[in-house]
Amino acid sequence: MNKFLITFLRLLVLFWVASSFAATDSSQQILLKLKGFISNIESQKVDLQGGAVAILYKGQVIYKTTFGHQKGNTGPITEHTLFPLASSSKPVSAIAIALMVDQGLLSFDEKFTLPYIKAPINLVHIMSHTTGYQLRGDTEIERGFSRQKLFNVLKKMQPKSKPGNSYFYSNAIFSMVEEALNKKKLSLEKSIDNLCTALGTSEIKLSVDADQELAYPHSKKTVDGVDKIAALSLPPYYPKIVPAAAGIFASINGMIEIYKLCFGYRPDLISEATLKRTFTKVRSNHEIFKWRLKLPVDEKNIESTYALGWRVLKVKDRPGKDLIFHSGAINGIRSFIGYMPSAEIGIIILTNQDTKFPIDTGMALWGEFFD
């Protein structure tokens with residue numbers, strides 16, 4: 001298909017979307033901005049191993065694309081292909097737990113004790129990385145530590161503060177939501193099953209089989225001075241040891257349903273009050289400023305906070321221009337999900353390659369709707 005026809009069809013789709021939203025002036029302006037943004041995605045995706053992207057406006061999908069291959073040059077990526085989410089698993093786990101809180105099965109604030117934590121903690125402490133402990137755990141996870149061995153390392157540590165008083169990002173500690181669920185005779189598996197049942201999807205999973213449609217990780221390797229993309233094995237440790245933090249798999253279709261639930265477009269399933277709690281700041285942090293991102297404003301004007309499984313960026317001199325997001329990165333996998341409440345615009349990006357495309361594109365979309 002030639003570029004002219006592609007552009008014509010894209011304009012036709014945008015015209016149809018504008019009509020479906022009654023084409024207010026605001027909607028027209030937003031859709032015009034998105035047209036150019038989508039063109040940039042189309043031009044960049046051809047250089048990637050594979051991926052899936054969806055842009056939503058007011059809870060409706062206005063752009064969705066899948067491209068590339070699942071493994072090497074085989075198996076096209078489709079809207080049903082399951083991607084490892086890496087740390088974008090955290091908001092999925094968080095909304096699964098929030099749904100159970102809304103159903104009266106759990107409490108965010110009820111405290112409990114664990115054998116390797118010295119003070120009582122609650123789900124807020126775990127999901128906001130504020131237990132007071134400073135064990136990232138990635139080195140141990142990638143060395144193949146069992147879950148018990150990982151927590152034995154934690155047991156020997158002294159906390160740096162009381163629960164709730166300090167922030168330290170940790171896949172190991174976030175994964176303790178499983179122990180919190182076990183305290184209520186629940187499990188992470190049950191929470192994900194409950195989530196899938198509510199959303200009417202089977203494309204969000206804790207474990208996968210080789211016969212499923214899977215996006216395998218890929219990484220660049222230099223062979224005889226030539227860069228080549230090589231397929232890697234599926235992440236062997238994160239799904240097994242810390243699934244709630246970095247081990248969930250989902251398709252672009254599954255993530256679209258997650259997005260709608262998280263950002264208030266499924267009021268039949270979850271209350272506004274519970275959703276608001278998941279986005280409410282628990283602690284500030286400065287991690288993202290080390291990522292060398294192309295931010296739309298000077299970082300001095302941004303407050304970076306962590307809520308319950310979500311990062312929230314607030315602009316100090318522009319109230320209401322928040323970005324709620326999470327990104328994911330493990331070897332050969334990158335992901336991003338983000339939402340701008342003021343414009344009701346959001347994006348989901350899944351790729352099976354080491355690339356800054358997801359986080360850079362997510363931040364670029366935030367910048368598009370700053371003014």
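The table that follows gives values for the structure above.
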quantity	calculated
Output for the stretch 201-233, where each listed residue is among the aliphatic types (A, V, I, L, M) and either exposed (fewer than 11 other Cβ atoms within 10 Å of the Cβ) or out of contact with any strand residue (DSSP E or B) (no Cβ under 7 Å at 6 or more places or on another chain) (or both)	Leu206, Ala210, Val223, Val226
Hey, Gln134 within 27 Å of Asp268 (Cα to Cα), within 23 Å of the chain's Cα centre (by Cα), among the polar types (S, T, N, Q) and surrounded by fewer than 24 Cβ atoms within 10 Å (Cβ to Cβ) or not	no
Tally, over the stretch 214-248, of residues that are in contact with a Leu (Cβ under 8 Å, 6 or more places away or on another chain) and outside any loop (DSSP other than H, G, I, E, B)	8
Segments classed as strands (runs of 3 or more DSSP E), wholly inside the stretch 26-85, with at least 2 members that are within 21 Å of the chain's Cα centre (by Cα)	50-57, 60-71
Where Asp211 falls short, out of the listed (1) without any contact (Cβ under 8 Å) to a residue 12 or more places away in the chain; (2) assigned to a helix (DSSP H, G or I)	(2)
Filtered residues of the stretch 144-157 (kept if surrounded by fewer than 20 Cβ atoms within 10 Å (Cβ to Cβ) and in contact (Cβ under 8 Å) with a residue 40 or more places away in the chain)	Gly144, Phe145, Ser146, Arg147, Lys155
Odd one out for Lys294 among (1) within 26 Å of Gln60 (Cα to Cα); (2) among the charged types (D, E, K, R); (3) in contact with a helix residue (DSSP H, G or I) (Cβ under 7 Å, 6 or more places away or on another chain)	(1)
Search result, residues across the stretch 354-371 that are surrounded by fewer than 24 Cβ atoms within 10 Å (Cβ to Cβ) and more than 24 Å from Arg318 (Cα to Cα)	Asp354, Thr355, Lys356, Phe357
Criterion: on the phi < 0 side of the Ramachandran plot and at pLDDT 95 or above - qualifying residue of Ala329, Ala343	Ala329
Residues of the stretch 276-326 satisfying the condition of being on the phi > 0 side of the Ramachandran plot and either surrounded by 15 or more Cβ atoms within 10 Å (Cβ to Cβ) or at pLDDT 95 or above (or both)	Gly309
Matching strands (runs of 3 or more DSSP E) fully within the stretch 254-371 where at least 3 residues are within 24 Å of Ile126 (Cα to Cα) and of a type outside the set (Phe, Trp, Tyr)	302-306, 311-315, 323-330, 333-340
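The values are calculated or read from the model by the stated rules, or taken from the named source; none is laboratory data. The model shown is predicted, which means the values in this text are computed figures rather than measured ones. Glycine also receives a Cβ, built like all others from the backbone with ideal geometry; neighbour counts cover every protein chain displayed.
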